[in-house]
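Scroll down for the structure; my scribbles are underneath it.
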Amino acid sequence: MISRELIIEDRRLGPIAAKVLAGERLSYEDGIALYRTNDLLALGWLANHVREQKNGNVCYFNVNRHLNPTNVCVAHCRLCAFGRDPDAPGAYTMAIEEAVERAASGYDESVTEFHIVGGLHPTLPFDYYLDLLRALKQRFPQVHLKAFTMVEVAYLAKIAQLSVRETLLKLKEAGLDSHPGGGAEFFHPRVRKVICDHKISGEMWLRIARTAHELGLHSNATMLYGHIETEEERVDHLLKLRALQDETRGLVCFIPLAFHPANTALAHLPPTTGMLDLKNIAVSRLLLDNLPHVKAYWIMLTPPIAQVALRFGADDIDGTVIEEKIYHDAGARTPQALRRSELLRLIREAGREPVERDTLYRPVVRTPAGEPRLDTTLTVHV
Ligand code: V47
């Protein structure tokens, strides 16, 4: 028993709770104990305590649109149901104009962010990606372009025959504003070898993120859990991100991603459970003490679990999304989009105060015509 509100059934959590309440950094061993406990309510209480200290009662969301310019991919990751060979049924690559038209479609509230990721295409030139950014920036100058994972950046550097730094500088010049957190998957080589053996190593992902941060580009980070990984390997992943953040302060948000096995080469694995989903939200909130935000991505958690996650450490529920493909190719049964009003309802019913944000967590208000404006009266939590 630590305080009036916190009831601990698993005695091993006592010393960890004392550290959390004293604001002390948790160790590798603490992380393992947190993953091993079944005392979900004590774990959730502690994560919620940290979440409320960092972000009060606020739950952030944004009005965004996903854009996947191509699903053609040379990587053939076992974890993925999205990538296709160039001549496979369902393979597509958008011409630039088509991508811009797609970006403009499917919503009636102005978006503040395009989330852009795609396959590692065997023949598209580097200029395609630069032209895409330029065309989007020209047509939607006020929309933030959160584009290309560290895996894509490595691949673009290879096809451009440039260093990672030079590649990032060219992308930035063409309109890139920040990076999504994908491609991190699992840093541990044993796991990476099984789920995505042709991707860059975990070390390389971290090195590219470090370079991006040094150039002033913020990024998110993810961990794809719920397949073959051990608790030790999960803690290893989280502590590597914590060490990166100690160095650069360039990570904005962490998103634990639940593995969806359908239609992948790992389809024999069972999907994750609510217990594991909530544990990952809570443990990441507790271990990543230097990251401002933890996101409950409603697309992969489902809206009901995402709502509960707002009491287990998460302070963000992601956005309207509009057109999600990666999880839906892997059998997700959630909708492909939610309206702004539906996000507001989910958040309010969880007892949280919804705050629309831009990609860098600056609060956004809507004019009577629905246009987004930065709200300078609220505190910024980056
Ligand atoms: O990197 C691919 C994952 C990621 C599957 O930064 C799969 O705000 C589960 O990174 N089952 C892309 N996951 C999505 C992503 C993301 C999503 C939302 C917000 C942000 C952000 C980033 O999706 C990939 C990979 O880890 N993924 N296939 C699958 N079968």
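Counting only lysines at least 8 places from LYS325 when in the same chain, those with an alpha carbon closer than 25 Å to its own are LYS137, LYS146, LYS193, LYS199, LYS295. Per residue, the Cα convex hull of the chain amounts to 130 Å³. Just to be sure I understand: of the beta bridges DSSP finds with both ends in the chain, what percent are antiparallel, rounded to 5? Of all bridge pairs located within the chain, approximately 15 percent are antiparallel.
Which whole-number value in Å² is the accessible area per residue of the range 53-374, probe 1.4 Å? Before the final figure, lay out each step's value.
On the way: 12000 Å² over 322 residues.
For the range 53-374, the per-residue accessible area is 37 Å².
By the compact-protein rule of thumb, 2.2 N^0.38 Å, the alpha-carbon radius of gyration of the range 249-382 corresponds to a ratio of 1.11. Carbon-plus-sulfur accessible fraction, the range 53-374 (probe radius 1.4 Å, protein heavy atoms only): 52%. Phi angles across the range 127-132 convert, under the Karplus curve 6.51 cos²θ - 1.76 cosθ + 1.60 with θ = phi - 60°, into 3J(HN,Hα) values of 4, 4, 6, 5, 5, 4 Hz, Gly and Pro given as x. For the chain, the longest principal axis of the C-alpha atoms and the axis of helix 150-160 are separated by about 20°.
Rg and Dmax over the alpha-carbon atoms of the range 116-235 stand at 14.8, 46 Å. Sorting THR248, THR273 by accessible area puts them as THR273, THR248; the probe is 1.4 Å, largest comes first, and only protein heavy atoms count.
Could you give the distance between the Cα centres of the range 231-251 and the range 74-152, to the whole Å? So the two Cα centres are separated by 28 Å.
For the chain, set up a GNM with springs between Cα atoms under 10 Å and report which of LEU343, LEU251, LEU13 has the largest fluctuation. The residue that fluctuates most here is LEU13. The heavy atoms of GLU98 offer some 100 square angstrom of accessible surface to a 1.4 angstrom probe.
A Cβ-based charge dipole, computed about the Cα centre of the range 53-374 with Lys and Arg at +1 and Asp and Glu at -1, lands at about 440 debye.
The values are calculated or read from the model by the stated rules, or taken from the named source; none is laboratory data. All values derive from a computational prediction rather than experimental measurement. Quick reminder, even Gly has a Cβ in these numbers, built from the backbone with ideal geometry, and neighbours come from all protein chains shown. Just the protein is used for accessible areas: all its heavy atoms, side chains included, with ligands, DNA and RNA removed. Shrake-Rupley method; radii C 1.70, N 1.55, O 1.52, S 1.80 Å.
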